[in-house]
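Quick notes on the structure that follows.
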Amino acid sequence: MTVKADNSPILRRRGLFGSNAVDRMFHWGTLLIAVLVPAIILVILFVLTRDSLPTIDRFGWRFLTRTVWDPVAINYGLLFAIVGTAVSSLLALLIAVPISLGAALFLAELAPRWLRDPVSFLIEMLAAVPSIVYGLWGLFVLVPVLRPVEAWLATHLGFLPFFQGAPYGIGMLAAGLILAIMILPYITSVSREVIQAVPRSQREASLALGATRWETLRGPVLRYARSGILGAIILGLGRALGETMAVTMVIGNAHQIPTSLFSPANTLTSLLANEFAEATEPLHSPALVEAALVLLVVTVIVNFFARLLIWSVSRGQGKGVQE
């Protein structure tokens, strides 16, 4: 019996390039792309480390623990900017996370369709607004509104250290609110998608056992989606850590550790934005490059521990489902 050769396009293509040539090209191409991403990070780390060697050699670890920033006296320390970055980002999370989770639950579980789609679209539109627009809005709208609010807080809650100081409107509270508004669409959108991905059988089983709507959302739905929600929160934290222009315009840009929510302060990003164009002293530019290096290292460490936390939560969730 004679078998005729198949002249299909697939076999003709294999005959032209070889049986596994296309597969090999695809394999090595995707491998190159995958290796390129960490290679870029390593190159950035190398360049920042190389350009910051003068301040590393002169100040060492003291650069991270001192609060003096004086280009005239060639005396630098970065603790005030590190504290400002951490406080403003955590304050933004404290404000944004409850609002974002509430909005995500409402849009995913409770909102009617005629309201869900336009509200989801408007929330996602917040992520497309440029940061400079947030900064201008914060400076000309939010700051004047905050002045009487801060005065009221200082009058009634001034015995607490968080609400002491002059109520200028510009300071940590304004920066935290701006950051909270900016990260809200990221946390809300991702959390909504994660909650909608929870199998419908989870909800139906809980309701069939007599649970209320709130008990169903609090139990099976949120427990099933907690790893994804945690990832959304970490995404918002990364956005808050790296934000520059909006924070620069409302935080006050003072080289000091903030003592209250009303205190002007500085972040790593605002320090770089304000001073890099004027870095004429020989150690001024290396000091700013080292600040950028610290910001990159902090971001990498935060993402590493976030991935570790998400992995542990997902692993515990998988064990709970199996049990």
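Of note:
- With neighbours defined as other Cβ atoms within 10 Å of a residue's Cβ, the residues Met245, Met182, Met25 order from fewest to most as Met25, Met245, Met182.
- Here the Kirkwood formula, the inverse mean of 1/r across different C-alpha pairs, assigns the stretch 141-207 a hydrodynamic radius of 14.9 Å.
- Helix-only [θ]222 nm of the chain, DSSP H runs n ≥ 4, -39500 (n - 2.57) each, per residue, nearest 500: -22500 deg cm²/dmol
- Peptide packing: for 296-302, 219-225, the average count of neighbouring Cβ atoms within 10 Å per residue gives the ranking 219-225, 296-302, highest mean first.
- Projected label distance in nm at Trp28 and Ala127, using a 7 Å step from Cα toward the beta-carbon: 3.7 nm
- Lys, Arg +1 and Asp, Glu -1 on Cβ, resulting dipole of the stretch 69-221 about Cα centre, debye, nearest 20: 340 debye
- Spacing of the modelled spin labels on Arg113 and Thr299, each 7 Å from Cα toward Cβ, amounts to 4.1 nm.
- For peptides 114-127, 131-144, 28-41, sequence by mean Cβ density within 10 Å, most packed first: 131-144, 114-127, 28-41
- Taking every full run of DSSP H in the chain, the ones that stretch at least 18 Å from end to end by Cα along their long axis and average -0.5 or higher on the Kyte-Doolittle scale are 21-51, 79-105, 113-126, 143-157, 172-196, 222-242, 284-322.
- Furthest towards positive pole of dipole, Phe59, Leu241, Leu173, structure part the chain, Cβ charges: Leu241
- Label corresponding to mean projected area of the Cα convex hull in nm² when calculated from the structure given, among (i) 18.1; (ii) 28.6; (iii) 26.7: (ii)
- About the Cα centre, charge dipole magnitude for the chain (Lys/Arg +1, Asp/Glu -1 at Cβ), debye: 1300 debye
We did not get these values from a lab; they are worked out from the coordinates using the rules stated. This is a predicted model, so every value here is computed, not measured. As a convention, Cβ positions derive from the backbone with ideal geometry for all residues, glycine included, and neighbour counts pool all protein chains shown.
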